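Working notes, beginning with the structure itself.
The values are calculated or read from the model by the stated rules, or taken from the named source; none is laboratory data. Not measured: the values here are computed from a predicted model. Positions of Cβ are backbone-derived with ideal geometry, glycine not excepted, and every protein chain shown enters the neighbour counts. Protein only, heavy atoms only, side chains kept; ligands, DNA and RNA dropped before computing areas. Shrake-Rupley method; radii C 1.70, N 1.55, O 1.52, S 1.80 Å.
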Amino acid sequence: MNVSVNWLSALLGREVDPVDAAHRLAMLAAPVDAIEPLHRDLGDVIVGLVERVERHPNADRLTLCRVHNGRDIVEVVCGAPNVTAGTKYPYAPAGAVLPGGLKLTERKIRGVTSHGMLCSAQELGLGSDHEGIMELRTDAAPGTSLVDALPVADTRLELDVTPNRPDLLCHRGVARELGAAYGVPVRLPAIPGARHESAAPRRVKRSGTVGGITVTIDDVDGCPRYLAAVINGLTIGPSPAWLEARLRSVGARPINNVVDATNYILYELNQPMHAFDLRRLRGDAIIVRRARAGERITTLDGEARALTPEMTMICDAEGPTAIAGVMGGAASEVTPDTTDVLLECAYFDPTRIRHTRKALKMSTEASYRFERGLDLQAMSEAVRRAVALIRAVAGGEEPEPAVDVCPEPPPTQTVFLRPERVTHVLGVPIDREEVERHLVSVGFAVAPKDDRLHVQVPGWRPDVTREADLIEEVARLRGFDGFPVELRPFRPSSVPNDPVEPLKGRIRRVLTALGLHEARTNPLVRTGSPSAQAVLNPLSEDEAFLREGLLPGLVASVERNWSARVRDVRLFEIGVTFRAQECGRLPVETLMVAGLVTGARTPPHWSIPAGAPDYDAWDLRGLFGEAAQVAFPSGRVSGGEGGWVVQDATGAVRGRAGVLKADRPQWAAPLFGFEIEVEVAERRTAAYHPLPTTPPIERDVALVLPDGVTAARVEAVMREAGGALLERVTVFDEYRARELGGRSVAWRLVLRARDRTLRDEEADRTIGSVLSALREQLGVERRQA
């Protein structure tokens, strides 16, 4: 997306610095790929007024122009046939440097000295026209710099727009993002020369009339809304300089004032529009319908295209006149003789447009936007602004307000947001007021509702459908660089994770790698064996017992798949089973893993004409061995084709595998399954020590450590010699000096008796024992002051 900085400045009502804007957009997740200055190399070109045009005395195809450059009259030899007296043109005097590095000098052409040159649009980099000199429609006096007379000096930002952000495909959408960053509102600039504001469109259901044309929507799925306006008595011609400059700044080519006006709305509001020559429409009807088999249309690019019934078409009374959302037809295009137009502003289904564009192998600015979704709610504003712009640049009158054919009211999206959820997800405290401020700054309507925020999503943000999307908006607008860079824990606790969780994660990775899908079944079952734990207050008789195994629940899941004619099923579950105990004791809980497979061993593929073979008992043996290796690694797998078991070191069975019984239809394959107890390593019990109730005694000791003696060795000797009274040892200083013969390290020793108040005499004896042990074992002496 090409974005004009001048255009953004007009929308924001302030000068926009390109580099700063690029940085802010990047931080808002809309990176700028390039910053390109436009036409700033035209500083040497000025406005020249041609006062007289004469034939060259020595050449038939050249003319001699007398040009007023603001100070005096100079002679310029020109070969273009369109130069007339009394008209202003771009004039490059001798010494000027044109785009591309060409430096002009005074030179004789057929015996006459030319003092510079009159320039075409191509020579100035302002267009592709090189046949004639560029005529200037400006009130600027001769000698005025061209970049001051025409708003052509600009900076272009090349924006990288992701498919989920269609609102950034127009200048108002980009300005809205920058407005949130700068804290300024976005206002559409006034249209130069606009005298009247268009009236609000008239809403009808399926059909309505405007300017004698009946507009009908037959294909409501492909076109939920269609607005049409009629403008009579306009004059087709070149656009004013400001409008052409706006379009050139984004890389678009000016065509004529009406087409340029529709393109201006496209780039400003992200609403593609199309103008039909009203006199070239066949009949007095516009019908939005599906194409019929065998229909054809010649589009604006001159290509004849075959249509299919899957395409939505804009038709007149006799047949197709435009491909909806892609391109108009040549039969009704605006020409220099056009005086009356029908202006189309519509919403087309993105999926339909994508399929049409791909089928016809054509892509346009309009289809690019329709495919990503437009603002269905803002179309009335777009058509009114387009009518006002066309009347300002081409004249004409609007005989009656536009008609708005809309079978169903435009939908509105509402999402509830919990402020505490924002803090929980983002990991930093963000108050409700800040959340509201950020969302309102980009167009969301926010209203408190109980302990939540009622957020109405604007039509230009079809990507926001969930609470998580709103939280992402808050994070984006707050600034990702404002969040801590370190990885913070999910819960504020120093308690380590249960060791069984990493083990369950390893089991999941192994079984999913083998093609199984994890399932969750109900731990409450209908019946149970004598060892089953009954529920004291069951919700229903179907949930009266706690499960004793995982396989019955998984088998029931397979049977439900079979009832839906799903033949290939691969499931596993990691869960707890229960076994009742006597005397009202809580049931014994055992962590188990179970899995089952049935049907084809591999998914269907064209390279296997006969289909993949079904799982057999030896496939089960492989699955069982892989699962047992990670779930019960100390066990031993044994058995035969009829079934296998995994046994621990004592010979006790900790898992089984084999063919399972189930209510199997005839077309289903055999059902194989396994269930293994998960071997959980012994966990160390944390020791509890109550907080001390007696006061400590602290002693600071500075020791001289000989070379080669580490502080760790010194601390180990201290702890051993200090015994039970030495609670804590901490280094708090180090000093090095050559006269010491080593280094001086200072420790703080904390002594405490848990059952009594420690006396100074006891503390002194303990310190003496520590110093004595250090002297004898390490040669460490206490430093003398």
Practice problem: Select from the range 65-97 the residues that are over 20 Å from Val147 (Cβ atoms) and open to solvent by 40 Å² or more (accessible area, probe 1.4 Å) and list them in ascending order. | Solution: Arg66, Asp72, Ile73, Glu75, Gly79, Pro81, Asn82, Thr84, Ala85, Gly86
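So, of the residues in the range 451-486 that are in contact (Cβ under 8 Å) with a residue 60 or more places away in the chain and among the aromatic types (Phe, Trp, Tyr), which turns out to be surrounded by the most Cβ atoms within 10 Å (Cβ to Cβ)?
So in the range 451-486, the residues in contact (Cβ under 8 Å) with a residue 60 or more places away in the chain come out as 458-463, 476-477, 479-481.
In the following step, the residues that additionally are among the aromatic types (Phe, Trp, Tyr) were identified as 460, 480.
Details: Trp460: 26, Phe480: 10.
For the range 451-486, the residue satisfying everything is Trp460.
Surrounded by fewer than 18 Cβ atoms within 10 Å (Cβ to Cβ), touching a Phe, Trp or Tyr at 6+ places or on another chain (Cβ under 9 Å) and part of a loop (DSSP other than H, G, I, E, B): does that describe Arg40? Working first, answer last.
Numbers: surrounded by fewer than 18 Cβ atoms within 10 Å (Cβ to Cβ): yes; touching a Phe, Trp or Tyr at 6+ places or on another chain (Cβ under 9 Å): no; part of a loop (DSSP other than H, G, I, E, B): yes.
No.
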Quiz item: Applying the selection to the range 647-659, what residues are open to solvent by less than 40 Å² (accessible area, probe 1.4 Å) and closer than 17 Å to Leu550 by Cα?
Solution: Gly655, Ala657, Gly658
Quiz item: Is there any pair with a first residue in the range 37-64 that is free of Cβ contacts under 8 Å to residues at least 40 places away in the same chain and a second that is of a type in the set (Ser, Thr, Tyr) and in a strand (DSSP E or B) whose Cβ atoms are under 8 Å apart and which are 6 or more apart or on different chains, and what are they?
Solution: Val53/Thr63; Glu54/Thr63; Arg55/Thr63
Quiz prompt | Residue in the range 680-693 that is surrounded by 13 or more Cβ atoms within 10 Å (Cβ to Cβ), at pLDDT 90 or above and of a type outside the set (Ser, Thr, Tyr) present | solution = no
Quiz item: List the pairs whose first member sits in the range 103-132 and is under 21 Å from Asn256 (Cβ atoms) and in a loop (DSSP other than H, G, I, E, B), whose second member is open to solvent by 40 Å² or more (accessible area, probe 1.4 Å) and among the basic types (Lys, Arg), and whose Cβ atoms are under 9 Å apart, counting only residues at least 6 apart or on separate chains?
Solution: Leu126/Arg248; Gly127/Arg248; Gly127/Arg253; Ser128/Arg253
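For residues that are of a type in the set (Lys, Arg) and closer than 30 Å to Leu536 by Cβ, scanning just the range 558-615, find the one that is least open to solvent (accessible area, probe 1.4 Å). Lay out the reasoning, then the answer.
Filtering the range 558-615 down to residues of a type in the set (Lys, Arg) leaves 560, 565, 567, 570, 579, 585, 601.
Next, from what is left, pick out any that are closer than 30 Å to Leu536 by Cβ: 560, 579, 585.
Details: Arg560: 148, Arg579: 124, Arg585: 144 Å².
Looking at residues that are of a type in the set (Lys, Arg) and closer than 30 Å to Leu536 by Cβ, I get Arg579.
Take the range 229-274 and flag every residue that is among the polar types (S, T, N, Q) and either touching an Asp or Glu at 6+ places or on another chain (Cβ under 6 Å) or buried (at least 18 other Cβ atoms within 10 Å of the Cβ) (or both). Give the steps one after another, and end with the answer.
Going through the range 229-274, the residues among the polar types (S, T, N, Q) turn out to be 232, 235, 239, 249, 256-257, 262-263, 270-271.
Answer for the range 229-274, where residues must be among the polar types (S, T, N, Q) and either touching an Asp or Glu at 6+ places or on another chain (Cβ under 6 Å) or buried (at least 18 other Cβ atoms within 10 Å of the Cβ) (or both): Asn232, Ser239, Ser249, Asn256, Asn257, Thr262, Asn263, Asn270, Gln271.
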Quiz item: Taking the range 148-162 only, how many residues are modelled with pLDDT under 90 and either crowded, with 18+ Cβ neighbours inside 10 Å or part of a loop (DSSP other than H, G, I, E, B) (or both)?
Solution: 6
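Select, from Glu715, Glu677, Glu720, the only residue that is closer than 30 Å to Arg508 by Cβ and either in contact with an Asp or Glu (Cβ under 6 Å, 6 or more places away or on another chain) or open to solvent by 30 Å² or more (accessible area, probe 1.4 Å) (or both). Even if it seems obvious, please write down each step before you answer.
Working: Glu715 fails: closer than 30 Å to Arg508 by Cβ; Glu720 fails: closer than 30 Å to Arg508 by Cβ.
Exactly one of Glu715, Glu677, Glu720 is closer than 30 Å to Arg508 by Cβ and either in contact with an Asp or Glu (Cβ under 6 Å, 6 or more places away or on another chain) or open to solvent by 30 Å² or more (accessible area, probe 1.4 Å) (or both), namely Glu677.
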Quiz item: Among Ser634, Ser638, which is open to solvent by less than 40 Å² (accessible area, probe 1.4 Å) and farther than 20 Å from Phe572 by Cα?
Solution: Ser638
Quiz item: Going by the conditions given, is Phe732 touching a residue at least 60 places away in the same chain (Cβ under 8 Å), outside any loop (DSSP other than H, G, I, E, B) and of a type in the set (Phe, Trp, Tyr)?
Solution: no
Self-check item: Close pairs from the range 9-22: first farther than 12 Å from Tyr182 by Cα, partner of a type in the set (Phe, Trp, Tyr) and open to solvent by less than 20 Å² (accessible area, probe 1.4 Å), Cβ under 8 Å, at least 6 apart
Solution: none
Self-check item: Criterion (of a type in the set (A, V, I, L, M, F, W, C) and over 23 Å from Arg384 (Cα atoms)) met by exactly one of Met311, Met327
Solution: Met311
